[in-house]
1. Hey, among A:LEU248, A:LEU238, A:LEU243, which residue is within 14 Å of chain B (Cβ to nearest Cβ), hydrophobic (A, V, I, L, M, F, W, C), buried (at least 19 other Cβ atoms within 10 Å of the Cβ) and not in a helix (DSSP H, G or I)?
2. Taking the range B:105-143, which residues are facing another protein chain (nearest Cβ under 8 Å) and in contact (Cβ under 8 Å) with a residue 60 or more places away in the chain?
3. Could you tell me whether any residue of the range B:178-200 is of a type in the set (A, V, I, L, M, F, W, C) and within 10 Å of another protein chain (Cβ to nearest Cβ)?
4. Please give the helices (runs of 4 or more DSSP H) falling wholly within the range B:75-190 in which 1 or more residues are farther than 24 Å from A:LEU238 by Cα and modelled with pLDDT of 90 or more.
5. Quick one: would you say B:VAL21 is in contact (Cβ under 8 Å) with a residue 12 or more places away in the chain, out of contact with any strand residue (DSSP E or B) (no Cβ under 9 Å at 6 or more places or on another chain) and of a type in the set (A, V, I, L, M, F, W, C)?
6. So which helices (runs of 4 or more DSSP H) are wholly in the range B:222-316 and hold at least 3 residues that are within 14 Å of chain A (Cβ to nearest Cβ)?
7. Just the residues that are more than 9 Å from chain B (Cβ to nearest Cβ) and among the aromatic types (Phe, Trp, Tyr), please, taken from the range A:147-205.
8. If the requirement is being more than 30 Å from A:ASP145 (Cα to Cα) and modelled with pLDDT of 75 or more, which of these qualifies: B:VAL51, B:VAL16, B:VAL21?
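The values are calculated or read from the model by the stated rules, or taken from the named source; none is laboratory data. Just so you know, these numbers come straight off a predicted model, no measurement behind them. For neighbour counting, all protein chains shown are included, and Cβ atoms are generated from backbone atoms with ideal geometry for every residue, glycine included.
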Amino acid sequence: MAAQPLEGAESALGGPVTRGRARWNNPPSPTAAALGRTIRNPMGLIGAAILLTLMLTALLAPWLSPYDPLVQHPGKELLGPTSQFLLGTDSLGRDLLSRILYGTRPSIVVGVLAVLLGGGAGIAVGLLAGYIGGWVETILMRGCDTLFAFPPILTGIAVLTVLGPGSLNVAYALAISGLPSFARLTRSVVLAEKNRDYVLSGRAVGLRPGRIMVRHILPNCVAPLLVQLSLFMGIAVLAEAALSFLGLGTQPPLPSWGSMLSDSRDYLRTDIWIAIWPGVALALLLLGLNLLSDALREALDPHRVNA
Amino acid sequence: MWAYATRRILQAIPVVFLSTVLVFLLLHLLPGDPAMAVAGSNATPRQLAAVRHDMGLDEPLPLQYWIWLQHLAHGNLGRSVLSGQQVSLLLSQRIPATMELALAGMVLSLAVSLVTGIVAALNQRKAVDWVIMVFNSLALAIPQFWMGILLIIVLAVVLGWLPPGGRVASGSNLGASLKSLAMPAIALALPLTGGLSRYIRASMLEVLYEDHIRTARSKGLAERAVIYAHALRNALLPVVTVLGLQFGFLLGGTVIIESVFSWPGLGTLMLDAIGNRDYVVVQAGLLYLAIVFILLNLVTDLLYGFLDPRIRSGSG
């Protein structure tokens, strides 16, 4: 009960700053403008379209697939493309098209999850390190340097050795390996922003540091972080496929593009189709993400003329 | 420069220290008893006790780390559970193959991306530039291991020109050795080639519009001299500085390429060790690669500071 008036008093103090007329999206926000430029760029549009289509595919896989991806059709093993099985079948007589469609799931889910977890944790670490400074910053950033010393595949191998194989564990592993790049980026933006007038005045009226960081500094980090997010999702998708290829990621019989490519290696002399389709799907998703992140970077960098 | 170098080297020390801690903890974070992980699940209680004593597991954790570190300093990385051999010996047998592959990938990427990057920059917005741009985008989007499989299908299975896997050591037969190296090196080099080519093109274009190039042209130098003597040299400086870091990423990529081509390097050693629960080997492999990566990072930064005076004075 005693806390009530105190809280009211604080928000009355903070009111004019946080809830005044000048909300940051009231004048056209630079981030929104950059997103507009991204979509108007044909490369960005194609990239966004590919990503959106594959996300929808992951969502709608049960309705799009002609067969159950796990059902084996005896006597129909290693068929090339036929009218019954549009992309052919694998060594156990399972429909490749259905497995490719379901295979979007681990790629997209691990990619998105790694971005959310790694990005979220990295942004939090970067905000804290940049805003607090001192020994907190030193400890956090040296920790990031250390994680940065292991390329994603190696972090993946190390973490999966401890946690055991599986899609979710891959997402955790990649989140850990992506964390330092987000932390470094966020910290650099925070360092540039934290002595600006709006932060100082927020402090002067007694806003809590957490509120200043999240409501006032963070929005200024969004634009550069978007580029990093799209870039990192590409890295995560690629690493998920690579780890599944090595047998550490998505486990059989669940379909994933990486493990399908791994299976295909035993049949390169008899049936090349099982080595073609998962690679095409994977390259398409990676191309989409690359195009999107290139377009974002271009839209956010006014100095870049020759791209 | 010395102040900058000293500061940068001092910064690397805690990173190396922390990565040894992380790699040390790897064995202790494994589910179950680390002694069981080392001795195998069907070891007798007596064997387990012996292993526990050997590994110093009856000591407190910080002391165990300190002992492990001392062994490390003497090049003693422990023994493989599977073969009983010294892990340091296993590593030293595999490292040359991995380095050979990574170096070949590096040389190949540099050679191709220098040509494509410069040609694209000199033909900005022409058909050649566009073709190279598409090539680079594909090179960046095609996963190395899929490229490896495609190469095996075309060059080994269909055409029969190259062996589908394995390594012929360079001492015995140079021709056969290069043949066994060709496909893994191409597959490994692919994404770096796309990235470097873009980087060289952008760097070249930036330089081509600078004043000293205009001056060189206006004093009547031949276009060839302008490009090779004035533009290229300045454009390639930043490229030199990214190479160290890129070599580190190539080393990471060797793990999967080695698996595709049964290349007997560090990557296949580590993957086999994971399959056999031979965790001491995994630990040593990870530590080796991490320290190489940290050193490459350090050298890159020092080189960059050496080449660009602005970096030294910054808060770096």
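1. Details: A:LEU238 fails: not in a helix (DSSP H, G or I); A:LEU243 fails: not in a helix (DSSP H, G or I).
Result: A:LEU248 is the single residue among A:LEU248, A:LEU238, A:LEU243 that is within 14 Å of chain B (Cβ to nearest Cβ), hydrophobic (A, V, I, L, M, F, W, C), buried (at least 19 other Cβ atoms within 10 Å of the Cβ) and not in a helix (DSSP H, G or I).
2. Of the residues in the range B:105-143, the ones facing another protein chain (nearest Cβ under 8 Å) are B:124, B:137-138, B:140-143.
Residue satisfying the conditions is B:GLN124 alone.
3. Narrowing the range B:178-200 to residues of a type in the set (A, V, I, L, M, F, W, C): B:178, B:181-183, B:185-190, B:192, B:196, B:200.
Within this subset, residues satisfying the condition of being within 10 Å of another protein chain (Cβ to nearest Cβ) are none.
Checked the range B:178-200: no residue is of a type in the set (A, V, I, L, M, F, W, C) and within 10 Å of another protein chain (Cβ to nearest Cβ).
4. On the way: elements: B:87-122, B:127-141, B:144-151.
Passing ranges, in order: B:87-122, B:127-141.
5. Numbers: in contact (Cβ under 8 Å) with a residue 12 or more places away in the chain: yes; out of contact with any strand residue (DSSP E or B) (no Cβ under 9 Å at 6 or more places or on another chain): yes; of a type in the set (A, V, I, L, M, F, W, C): yes.
So B:VAL21 passes the test.
6. Filter on the range B:222-316 gives B:232-261, B:266-275, B:279-307.
7. Passing the criteria: A:TYR172, A:PHE182, A:TYR198.
8. Working: B:VAL16 fails: more than 30 Å from A:ASP145 (Cα to Cα); B:VAL21 fails: more than 30 Å from A:ASP145 (Cα to Cα).
Residue meeting the stated conditions: B:VAL51.
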